[in-house]
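What follows draws every value from the coordinates through simple rules; no lab data is involved. Every value quoted in this text rests on a predicted model; they were computed, and no experiment measured them. Backbone-built Cβ (ideal geometry, glycine too); neighbour counts: all protein chains shown.
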Amino acid sequence: MTEVPPAILVSRCPSCTLRYLPRAGPCPKCGAQTAVPYGLPPFGTVLARTELSSPAAGWPSPHRLALVELADAVRVLTIVDGPLPEAGSRVEVRRDGEVYHATAAPAAPAG
Ligand SMILES: [Zn+2]
């Protein structure tokens, strides 16, 4: 039996149903002042990625980043743990404090 990774907690606007990364302030689409927590599956698709061979001081080299689209079109910039994934590939996303990490995800179950 495999361990199920935790959901990625985002905000859901009760007025327009937009899902977005938690942030201070009103809904970025409709301006509603309230939002409710909403869990998304911790998997996404790599939209773009890059590898920095000379990152800023304090960061390991190479420093790999990926822009990942989760369900409901929520996009998050992640630090890549492990090899650089191809654009269009599926990754598992986890949150560590304020930082999101991505690793290559196992293939989606058939069926
Ligand atoms: Zn809204």
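Once you reduce region 26-46 and region 82-98 to the center of their Cα atoms, the two points are 19 Å from each other. Taking a ≥ b ≥ c as the square roots of the eigenvalues of the Cα gyration tensor of the chain, is the shape rounded (a/c under 1.5), prolate (a/b larger than b/c) or oblate? Oblate is the answer for the chain, as a/c is 1.5 or above yet b/c matches or exceeds a/b.
Could you give the Stokes-Einstein D for region 1-47 in µm² per second, using the C-alpha Kirkwood radius, 25 °C, 0.890 mPa s?
It diffuses with D of about 207 µm²/s by this estimate.
Counting Lys +1, Arg +1, Asp -1, Glu -1, what net charge surrounds residue 94 among other residues with beta carbon under 14 Å of its beta carbon? After counting each charged neighbour, the total is -4. For region 29-40, 3J(HN,Hα) computed residue by residue from phi via the Karplus equation (6.51, -1.76, 1.60; θ = phi - 60°) reads 9, 10, x, 4, 8, 10, 9, 10, x, 8, x, 10 Hz, glycine and proline entered as x.
Ranking 73, 14, 89 by Cα position along the charge dipole of the chain, where only Lys, Arg, Asp and Glu carry charges on their C-beta atoms, puts 14 farthest toward the positive end. The dipole here belongs to the chain: it is taken about the Cα centre, uses +1 on the Cβ of Lys and Arg and -1 on the Cβ of Asp and Glu, and is about 360 debye.
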